[in-house]
Structure formats: C-alpha cells, structure tokens
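Below is one structure, written out as structure tokens, with a few remarks after it.
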Amino acid sequence: MKISRFLPKTIGARLMVAGGMASALVIGSISLMAYHKGRSALEAQVEAEAFTEVQTAAAAVDEALNRLAYVPRMLAAYQAGIGREPAPNLESVIRNLLRRIPAREIFGLYIAFEAKNAYDPQGMVWMDRASWPALRRVDYDYHDPANGWYARAKAKGSLHLTEPFFDRGGSDHTMVGITFPVLVNGEFVGVTGIDLPLTEIAGLLKSIHHQATNRRASAASEFLFLAGGSGQLLVHPNASLLLREDFAGTSLSTLPQGARLAAEASGTTRYRGADGERIIFWAIAPTTGWKVVLDQPASLVLAPVHALAWRTAAIGGGGLVVLLALIGFIARRATRPIVTLEQAAKALESGSFRVAELEPLTTRADESGRLARSFLSMAREIQAREERLADWNQNLERTIEERTADLRLAREAAEEASRTKSAFLANMSHELRTPMNAIIGYSEMLIEEAEDADQPDFIPDLKKIHGAGKHLLGLINDVLDLSKIEAGKMTVYLEQFAVPAMINEVTATIQPLVDKNANRLVVTCPPEIGTMRADVTKIRQTLFNLLSNAAKFTHEGTVSLTVEEIARGDVDCIAFRVTDTGIGMTPEQVSRLFGAFVQADASTTRKYGGTGLGLAISRRFCRLMGGDIEVASAPGRGTTFTAVVPRMVADAAAPTQPPFAGHTAQPADAVPRSPDAPLILVVDDDPTVLDLLSRTLNREGYRVRTAANGAAALTAARELRPKLITLDVMMPSMDGWSVLTALKADAATRDIPVVMVSIVDDKQLGFALGAADYLTKPLDRDRFTEILAKHAPLARERLALVIDDLEDNRAMLRHALEREGWSVLEAENGRAGLALVTDHAPALILLDLMMPVMDGFEFLRELRARPDGRAVPVVVVTAKELSPAERDLLRAGVENIVQKGTVSHEALLADIREKIARPAPPASLRTP
C-alpha cells in the first residue's frame, strides 16, 4: 500500500497545522525581541530624565545659595575697608541691605567681631525681619565653639553653610545660615552672615519638579526632597519629618535605603513602600554638598514599558487570532467524520443506533472509513454484551439486597453498643465516685477526731489516706472525662463569668504546688479583660493542669500566667499563656505531648510521676469550646502553653428541656395594697409572664412595676429603688446574668436583692420549683457549713433532714452537721423524706439525686407542690454526673454547682459560712 494516496486528505491538514504553529512561534519571537529592545530603551530614557531633574535641582540650589552669599561677602568687604573696629554706620548698612532683599529670601543679617564679646553693644550687630528696623539683642556667647556659624567660618577662612536650626521667638521657621569671615590684610577680624528660610529652597525645588512633571502623564505620588551635608532633612513634602520646635528632625539614614543614600554621592535604588515599589534617584550639589533626592513610584517609570507591552501583545495576539481562525476552519473540515462517529456512539448508548447512519463513512478508503468500519463491528459486540449483562443484573440486585440487610443489622448493633457504652459511662461515674466519697469523707472525720483526741501519731497516716483518695478520685475523673470525650458524650455547659475572678480562684488553688518546688508565681490579668461565656469548670481544670505541670517541672524558677485578649480571624478570643523556666522539651517530645497516657518520655514518668492524661483532656476541652492549646518549648529553657478560647463560645447544641412539670404556682389570696407597700420590679421579655408575676405579687400585697428588657430594667432600678427585683435569665439582647452583673456593679443598685426567675416550657404552667443550693460528693466541709447557715440562720430551729440511700453518706453528713450544732433526721429515699417533712418541718434538706423508690428529681417536684415545702431550702448532694439538661432542671433553685472532686471539705464549709449570713427571701418569692 502506497502512502501517497493518503497525503491529500490527512498529511495536508497536518502540514497546515504545523505551518500555523511555526508562524505563531515566529510572530511570538519577533514580538518578544521587539518588546525587550524597546523596554531597555524606554527604561534608559526615563532614568536619564530623572537624573536630569535631580542634577538640575542640585545646580539650582547651588546657584540660589551662591546668589544670596554675595550679601555676607559684601558686608565683609565693606567692614574690611573700614578696618578692625566696627564701622560707625553698620546698623544703617544692614538696614539698607535688608530693605533691598525680599523677605522670603533672607530673614536676618549680622556681623560679629573677634575682639568684642556678646556683652559689648558693638560685639555683634544683628538685625532680622522680626526686629527691623531696630537691632536684635544678643543673649549668648558667639565665641563658644558650639556656635558653628562663627567657629567654622573662622576656621575655614571661607564661606560656610550651617546645619538647619529652628528660630525660636523670631520667625518660628527652620533656617540655615551662610557665614563669611572678615579679613583685614589677612588677619581675622570677625564673621558676617545671613539666615535663610528653607521655605524659599522648598519653593525652588517645587518649581523645578513641577516643570519636570508637566512632561509626564501622572505625578501625584512623586516628589523631590533635600538633605544637608550631615544627612539631616532640609526640605520634604512630609512636614512631620522636618526640624521644628519640638522635634530634632530626621536623618537621611532612617529613610528607606537611607544608608546607601547617605554613603553615595549619586545613584539610584528601589524599595517597597506602602503604595508598592518605588525608585529613588539622587545627586549631590557640588558647592553646598547638599543632596537632592527624587522619589517616585515604579509604576510611573514603567508606564511606557507597560504601554509597549500592551501594543506588542495586541499585534502578536491579532496575528495569532487570524492564524487560529484559519486552523479552526481546516480542523472542522477534517473532523466531520469524527463528529459523525460521536453521534453514532451516543445513539448506541441510548439504544437508538442504526447501521444506515454509518454506511456513507464505511465506504471511504481513508482513516475515517477504517474507523467507521471498526466502530460498526464494536457496536454489534456491545449489543450482544448488553443482553448478557441484563441477565447478570437480575442476580446482582438480589445480592445487593442481601448485603444491605446485613449492613443494616451491623449498624443497629453498633448503635446499641454506643448506647451501652454511654450507659456504662454514666453508671461508672456514679459507682466509682460514690465509694471515693466515703473514703475521703471518713478520712477527714478521722483526722478531726484524732486532732480532738490529741492523738497526733494517727494524723500523718490519715492524711496519706485522704491524699491518696483525692489522687485516685482525680485519676477516675480524668479517665471518665477522656472516655466521655472519645465517645462523643462530653457536653459543654456555658455560662457568663468574670475572667479576673476565675483567675484569682485558680491561682489561690495552685499556689501551694508552686511553693512546693520553691517557685515564684507571676500572674498578669488586667481587670478590663472583663467577662467571657464558656464552660468555666473546663477552663478552670485546663488552667489547673497547665499550671500544675509547670510547677512540677520547674524548680526554684518562675511560673507565669498571662491573660490577654487576641483575635483569631474575626473571632474575639481570650488567651491564657502559662510559661515556666523548667526543664523544657525537645521537638520530638512535643510531638507526643497531647497523646492520652503519654508523657515526654519514660524518664519523665519515673522522675515526676503522672498519668499523661491532663494535657490530652485539656486540649480536648479547649477544642470542644472552639479553641485549642499551643506549645513552644526548648530543652533547658522552659515551656510555654497557650490555651486560646473564644470569648463567646458558640452554643452549638444547647439543651432544651422543660423544668419540673406537674406543678403550677397558685397565686395567694388578694391582699389590699397601700402606698407604703414594698415595691417589686418584675423583669421579663414575655408579656404573659409579666402579667402572671404582677398578679401574684399584687395578691401578696406588693406594689409592682415591670420592665420588658435589660436596658429598661437598669433604668427602672436606678429611678425606683425597689425593695426587690425578679429577673428572667433568658432575654434577648441582654440576658439576665448581664443585667445582674450591671446591677451589682452600680453603687446605686448593688444592695437591692435580686431573685433569678426561670420559666417552665410555655410559661403558662407557672414558675418551676427547684433546689435552693447544690453541692456534690465528696463534700467540702467548710463550704457545706456556710451554705447551711445561709439557708437556716442561728435564729431558726436548726433541724436538718438528710435524704440518701447509702448509710455511709448519711453518717458522714450527720457527723458534719452535728459538729456545727444541728439536729439531724435521716431518710433512705424521697418517699420517706416527704413523710419526715410532714411530721417535723426541717429548716434544711440535704438531698441525693439517685435513690430507689423515689429519686431526688421526683422528691423536688412533690416537695415544691406542697404549701409547707415551697420555702424549705434544699441542698443537692450527689455523685451523679449531671448533663446540661439536668443542670437546667435544677438551675433555678441552685445557688452553687460544684463538680465532684474540685474542692476540699474545708473550702466547702467556708463557702457555706459566707452564704449563711444572708437572710432568706420570703417564701412567696422563692420561685425557681
């Protein structure tokens, strides 16, 4: 087969394409060469113009100063003709010279004599525009070498140009001086001089620059400036850089590329400015030694180059467009058979293929004919295979249904396993912490009894038991927290709190650990850091972990805690930075730092102890709140941990569950109101709640005023000074906690009692009744005692009811209460507790939540539904790990929520003693 018969149909088209590509390459090469050549010429031309402008300005400055220098020369020649003594008519000569010279060019003219001094009336004859036509008084010693205008002219014996100076009390302008020695027969007699305002030099530069920029299209951001021989700026469009009364001026070396400007007599350089790349050209004035500098944007210099580039690209692009159009025309003709085959392929795919569509192509002898015949053969094979695939699909569908059923069963099994794990975590939280409560509680009781019985030998061992129990409780908490995080069951409980107050609590707790290794704790937390909305318990635990690690790995050093506000993107964050001067870590150790049960290395565990859980949990806490922990460390130099948390943590899954149901607050019988009745301010955004509360309080005999939002509430509180405020927690714009903070920060309202009000599901059900306080096991004894005193002062009958299903817990609580002077009743479940309330009317109830027969939640509902139980304060004491929904159920009636294991008995009793001093509100107002 000869190849020649294919040439007219295929090879020709290929040659056309090859020719087009070759033409494009030639056009592109010629355009590129022309562009480079033109660019070099244009850049050289622009640079030459810039240097011409700079050199012209330098020559003009020299010419202007030489022209004005004739004045001191003339005065010196006149005095030389008179002799060594001052000419009798010097004052008249100076006055006439100043009269003939424009004020903008010369401000002052003077002559000083070597044989005289400053106190001699003829020592220096000085007149300027401020004193003219009178002489100006000289109040300094011009013989002092510090006065360069005199000393330099004397030393040089020729014309001298001074450094710039600011004329205080005269012109209040920046000037330079030109001085000239007075010589009589070669003997130095004195110095003459003039003071020149730099405004004249500035105007000269501006005029020269204006003439040059008229030849350019745009010169808005280019400018000339002038520097003296010492490098100090004399003229500059930015007046803030120049010498003035309260500013010593700017040195040339401080400007961009200033070192090169100061070192070289002339040249050009580039720098990156705020508005992009800029080019500097400079030259030195031969006579004065001053430097004239032209600063202009590179865009002005390169504008002609860019225009050339656009013209070259347009010409080359036009040629390429024509060529591509020609190639496209040829390609379309060459690809028509391929298009026909493509349409046949689509028809084959849709099942509408007909053999007749390809018959014209199959008769051709070129490549397209062979391709059409091959395609036809393939189409027949595909149709045969589709028939076989139809049979296979029926079997495949049955197989997929069977596999889907298996996957569904596997998913249900996995979900059941997840539910089982969640239930296991909840049960283990309670079952592990409950016995630890007995160990820690009874060890504290035994320590107290040993102290009372004067048996100090037992105390060290008992303290070891107590410390080991606390350590084991902390380990249990860490393991359970980590398990909950990994299971996706850890929730974030958000609340508004003051950052400085939280930092004070953390540092007070950590101080003993810092002192243990003879370290110094430095805390930096500005009061204006304000508040944040986050999970305060998790932030407190994170800071405690970071600070305890820093104290543990640092000996006789410094541990620092710095709190500051930062921004991450558009999110306002609070950064807690913990820095120590301890042992530090290598990069390899840092890379393993946040793994669970992992420390820097095995030697660290042996020497310092620990489980390696603290940092892993802390980082996951921060990430749950949308933040993170960063670390920077160097071996032997210390470590810095930075915990970053958003100031307002987003509530991604706020729990929504109504409080205790089954009870509606019933209004008391109406009581006549008098003008002297106490005034109550009711704050709520819901009109229904405002009406309900107002009616209830009116029937109790109170006067009522209402406010529908936080801002109105603050205004009304300041103006009305009510006896009490009921405040809704959840309000738009400004919630109840923010209003409460503002009330307590204002001296006019800080003493007004405030009752926080929480509403049931659609609020027509009335006010939910909850606990009056909340504590967890293990108990902090001091805090516990103060809460008792808060809700039942000494004036009351001190009878407490303890409701708990575990006898050990009841015994421990009884012991703590009786030591504080209380009488105690016990009940093993909520049902028995209600019976004792009916018979004995206790002043305080201590309530566990997880009990058989009747749990703590049901007990609270029943208690608050009874008239004799509405005002009894209840302290919840539980080992149960509460969910956010359960916290919300108890929130309205709880003053304090303490996570188990975070405080000691002493701290607990101290807090209770502080709260017990406050009187309880009336029963009708104790609405959760």
Point to revise | Per-selection metrics, the range 47-315 (Cα): Rg and Dmax in Å | key: 21.8, 82
Review point. When the Karplus curve 6.51 cos²θ - 1.76 cosθ + 1.60 is applied with θ = phi - 60°, which whole-Hz ³J(HN,Hα) does each residue of the range 321-327 get, with x for Gly and Pro?
Key: 4, 4, 5, 5, 4, 5, 5
Review point. Using the Cβ atoms and a cut-off under 13 Å, what net charge is assigned to the surroundings of Ala717, where Lys and Arg are +1 and Asp and Glu are -1?
Key: +3
Check your understanding: Short version: ³J(HN,Hα) in whole Hz for each residue of the range 90-101, in order, from phi by Karplus 6.51 cos²θ - 1.76 cosθ + 1.60 (θ = phi - 60°), x for Gly and Pro, what are they?
Key -> 4, 4, 5, 5, 5, 5, 5, 5, 5, 5, 7, 9
Practice item. Could you check the simple spin-label distance between Ser92 and Ala468, using points 7 Å along Cα→Cβ, in nm with one decimal? Key: 11.7
Review point. When the chain is fully extended, how far beyond the present Cα-Cα distance does Thr741 get from Gln455, taking 0.36 nm per residue of separation?
Key: 98.1 nm
Exercise for review: Taking 7 Å along the Cα-to-C-beta vector as the label spot, tell me the Met734-Ser158 distance in nanometres, rounded to one decimal.
Suggested key: 7.9
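Kirkwood-based Rg over Rh for the range 491-646 (C-alpha set), two decimals? Working shown, then result.
Numbers: Rg = 15.0 Å, Rh = 15.8 Å.
For the range 491-646, the value is 0.95.
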Check your understanding: In what sequence, highest mean first, do 48-59, 855-866 appear when ranked by Cβ atoms within 10 angstrom?
Key -> 855-866, 48-59
Exercise for review: Grab the Cα-Cα distance for Ala325 and Arg272, subtract it from 0.36 nm times how many residues apart they are, and report the gain in nm with one decimal.
Suggested key: 14.7 nm
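Taking the range 42-96, how much of its Cα-Cα pair set, in percent, is spaced more than 17 angstrom apart? Before the final figure, lay out each step's value.
Working: 862 of 1485 pairs.
Across the range 42-96, Cα pairs with separations above 17 Å total 58 percent.
Over 30 Å between Cα atoms: which of Lys37/Lys206; Lys470/Lys744; Lys463/Lys538 fall into that group? Walk me through the numbers before you get to the answer.
Details: Lys37/Lys206 34 Å; Lys470/Lys744 36 Å; Lys463/Lys538 28 Å.
Flagged as over cut-off: Lys37/Lys206; Lys470/Lys744.
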Review point. By the scheme Lys and Arg +1, Asp and Glu -1, what is the net charge of all other residues having a beta-carbon under 12 Å from that of Ala811?
Key: -3
Revision key, fill the gap. Residue by residue through the range 621-636, the couplings from Karplus 6.51 cos²θ - 1.76 cosθ + 1.60 with θ = phi - 60°, in Hz, x for Gly and Pro, are 4, 5, 5, 4, 9, x, x, 6, 10, 10, 9, 9, 8, 9, x, x
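Provide the packing ranking of 98-109, 196-207, i.e. peptides ordered by the mean count of other C-beta atoms within 10 Å per residue, highest first. Display every interim value, and only then the final one.
Working: 98-109: 16.2, 196-207: 18.2.
Ranking, from highest mean packing down: 196-207, 98-109.
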**Study point:** Estimated FRET transfer efficiency (Arg67, Ile30; beta-carbon r; R0 60 Å; 0.05)
**Key:** 0.65
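None of the figures in this text is laboratory data; all of them are computed from the coordinates on show. It should be emphasised that the depicted structure is a prediction, and the values quoted were computed from it without experimental measurement. Using ideal geometry, Cβ is built from the backbone for each residue, glycine included, and neighbour counts are taken over all protein chains shown.
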